[in-house]
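What follows is a single structure, written as structure tokens, with notes after it.
The values are calculated or read from the model by the stated rules, or taken from the named source; none is laboratory data. Keep in mind it's a predicted model, so treat the numbers as computed, not measured. With ideal geometry, Cβ positions are generated from the backbone for all residues, glycine too; neighbour counts draw on all protein chains shown.
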């Protein structure tokens, strides 16, 4: 494989081959040593000649990965906000807008006609509004389901650590189930509330585009109007970016 696209999120890392006709997502939990784990997997699949990286991780980790991969003959390019000039943002400091959010919006612009709202539901949740002219008006960030559950269990004495799960009823009949129900439906209500508020400006029928690990949880609970779930939205943005360079 000559070229590989790599997304380094907070909890998982993912890769794709841009030459694939259909984007096929490969994702992994981080090992104790993230650099070692990523290199191990890339070695097993065949070390690419070029690697394009979108990372929300710390700069020290990004630089360590780049150094280790280039020692193996892989040319690494860490993407940043300057690569995404197509996205016009109202952010006062565009460099403070995460590369993941830029690429999700770029992917959305490639696939859909604005206006739209991009909801990326992972470790953190980002909700970004793009108007009919393709301008990013701004957005919101708040904890995802896993973080919501962790905050509660870490700051109370009698609630055990839980893994988020799909809990179908709000009428929980145990403390553990109540935590799962509260974090799930609180998470859904927060996203729906932000989307509805954004639609007051963008229009009631503004499309909602969902991505990230918890997108399926949100899908059936979002307000009316057009909505799509796209697990490879960020990679669509990366591939579109590379084809224009």
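Observations, loosely collected:
- Among the candidates 211, 206, residue that is within 24 Å of residue 79 (Cβ to Cβ) and surrounded by 19 or more Cβ atoms within 10 Å (Cβ to Cβ): 211
- Test result for residue 83, closer than 28 Å to residue 145 by Cβ and in contact (Cβ under 8 Å) with a residue 12 or more places away in the chain: no
- Among the residues of the range 60-103, the one identified as out of contact with any strand residue (DSSP E or B) (no Cβ under 8 Å at 6 or more places or on another chain), surrounded by 18 or more Cβ atoms within 10 Å (Cβ to Cβ) and over 21 Å from residue 116 (Cα atoms) is 83.
- Residue count, the range 140-168 (criterion: assigned to a loop (DSSP other than H, G, I, E, B), at pLDDT below 80 and either farther than 18 Å from residue 217 by Cα or out of contact with any helix residue (DSSP H, G or I) (no Cβ under 6 Å at 6 or more places or on another chain) (or both)): 10
- Residue in the range 228-236 that is farther than 13 Å from residue 105 by Cα, free of Cβ contacts under 8 Å to residues at least 60 places away in the same chain, more than 18 Å from the chain's Cα centre (by Cα) and surrounded by fewer than 21 Cβ atoms within 10 Å (Cβ to Cβ) present: no
- Index of the failed condition, residue 2 passing every other in (1) loosely packed, with under 13 Cβ neighbours inside 10 Å; (2) without any contact (Cβ under 8 Å) to a residue 24 or more places away in the chain; (3) touching a strand residue (DSSP E or B) at 6+ places or on another chain (Cβ under 9 Å): (2)
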